[in-house]
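Read the structure below first, then the notes.
The values are calculated or read from the model by the stated rules, or taken from the named source; none is laboratory data. A quick note: this is a predicted structure, and the numbers were derived from the prediction, not measured. Methodologically, a virtual Cβ is constructed for each residue, glycine included, from the backbone with ideal geometry; neighbour enumeration extends over all protein chains shown. Note: accessible area is taken over every heavy atom of the protein model, side chains too, but ligands, DNA and RNA are not part of it. Shrake-Rupley method; radii C 1.70, N 1.55, O 1.52, S 1.80 Å.
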Amino acid sequence: MRLAGQVAIVTGAAQGIGKAIAEAYAAEGARVAVLDLNLEAAAAVAESVGGIAVRCDIGDLEGLKGVFDEVVEKLGVPNHLVNCAGICTTVPLEQEDFSNWTKTFQINVHGSFFLSQLCAERMKELGGGTILNMASMSSFLPKKEQAAYGASKAAIVSMTRSCALVWAPDNIRVNALAPGLIRTPMMEGNFNRRAAMQGISFEEALQPMLDQIPLGKVGTPEEVAKTALFFASDESSYITGQTLEVCGGILMR
Ligand SMILES: NC(=O)c1ccc[n+]([C@@H]2O[C@H](COP(=O)([O-])OP(=O)(O)OC[C@H]3O[C@@H](n4cnc5c(N)ncnc54)[C@H](O)[C@@H]3O)[C@@H](O)[C@H]2O)c1
């Protein structure tokens, strides 16, 4: 058990990639705090992994301290934080408005940063810890209809490196994952919307992207979770400030 006796916070863990990470960490012995906007679904995940569910809107920066204190009170100071909660909207670039742009950054970037700050402060008492941020292949690719999302995910790569630099002396390792196309409710929603906009089927909307993936398939949340586990475990003890592409090779092009 690589995380026996340790505590982990996973945000956005009610479904998709966050859920798979919560399950993977729990299977290695961690007690997991399942944070999500959707408390009912978070509670189901928490029950199945033997952890706790806490309702959290990661974009409500004022509320983060209360959420964090609740986790510490119930489970103890976290050894690991996974900032997985995120949103992705599909809007033609020229129609982006203030509301969509700022909300995307509030949730994807600001919430992750300020929760990291709260965690790092207490991880120092433990002699270290790990923080894992969720970037994306969109951190590196231009986006015609997801510009706010892509910009927010690019910011996460930079934020990861700055946090890694500042907290390295405290043995807090900060890394990020850049998943490609992973089959989750978010991904399915995106392609269903794209299909509806173009009057084509889900499979037809997906095919052009699939054609660009050297490994030729959509990834699974479990494949992302395996790499998250690597960054939480001692196997990555000499790695910090990295963003690992988990994308079937699409970013090689
Ligand atoms: N699925 C992909 O192909 C893919 C690719 C690259 C990156 N990612 C990133 O991985 C992460 C997880 O993606 P997913 O596909 O599992 O998404 P998902 O939409 O299936 O799940 C996201 C979870 O986050 C929660 N959430 C949303 N807003 C929140 C908020 N304000 N506060 C707290 N929780 C909130 C949702 O309730 C949901 O449970 C995201 O950061 C996403 O950008 C996903």
Qualifying residue in region 178-196 (condition: touching a Cys at 6+ places or on another chain (Cβ under 7 Å), within 18 Å of Ala85 (Cβ to Cβ) and either among the small types (Gly, Ala, Ser) or more than 10 Å from the ligand (Cβ to nearest atom) (or both)): yes
Close pairs (9 angstrom Cβ cut-off, 6 or more residues apart or separate chains): at negative phi in region 210-222, assigned to a loop (DSSP other than H, G, I, E, B) and of a type in the set (Lys, Arg) anywhere: Leu210/Lys217; Gln212/Arg253; Pro214/Arg253; Val218/Arg183; Gly219/Arg183; Thr220/Arg183; Pro221/Arg183
Positions within region 134-147 being without any contact (Cβ under 8 Å) to a residue 60 or more places away in the chain and surrounded by 24 or more Cβ atoms within 10 Å (Cβ to Cβ), in sequence order: Ser136
Identity of the residue in region 62-92, at pLDDT 95 or above and surrounded by fewer than 16 Cβ atoms within 10 Å (Cβ to Cβ), that ends up nearest to the ligand (Cβ to nearest atom): Gly63
The lone exception for Glu235 - which of (1) open to solvent by less than 40 Å² (accessible area, probe 1.4 Å); (2) out of contact with any Asp or Glu (no Cβ under 7 Å at 6 or more places or on another chain) it fails: (1)
Leading residue by the ranking (farthest from Ile107 (Cα to Cα)) among those in region 1-17 that are open to solvent by 20 Å² or more (accessible area, probe 1.4 Å) and more than 11 Å from the ligand (Cβ to nearest atom): Met1
Qualifying positions in region 1-39 - in a strand (DSSP E or B) and touching a residue at least 60 places away in the same chain (Cβ under 8 Å): Val7, Ala8, Ile9, Val10, Thr11
Sole exception among (1) part of a helix (DSSP H, G or I); (2) under 26 Å from Glu223 (Cβ atoms); (3) open to solvent by less than 30 Å² (accessible area, probe 1.4 Å); (4) of a type in the set (A, V, I, L, M) for Ala44, by number: (3)
Criterion (of a type in the set (A, V, I, L, M), closer than 30 Å to Tyr238 by Cα and in contact with a strand residue (DSSP E or B) (Cβ under 7 Å, 6 or more places away or on another chain)) met by exactly one of Ala176, Ala151, Ala155: Ala176
Of all residues making up region 18-40, the number that are open to solvent by 30 Å² or more (accessible area, probe 1.4 Å) and within 9 Å of the ligand (Cβ to nearest atom): 3
Any hit, region 218-226, residues being open to solvent by less than 10 Å² (accessible area, probe 1.4 Å), within 15 Å of the ligand (Cβ to nearest atom) and more than 25 Å from Pro142 (Cβ to Cβ): yes
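Which one of these is of a type in the set (Ser, Thr, Tyr) and within 13 Å of the ligand (Cβ to nearest atom): Ser201, Ser158, Ser152, Ser236?
Ser152
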Residues that are of a type outside the set (Val, Ile, Thr) and in a loop (DSSP other than H, G, I, E, B), drawn from region 52-78: Cys56, Asp57, Gly59, Asp60, Gly76, Pro78
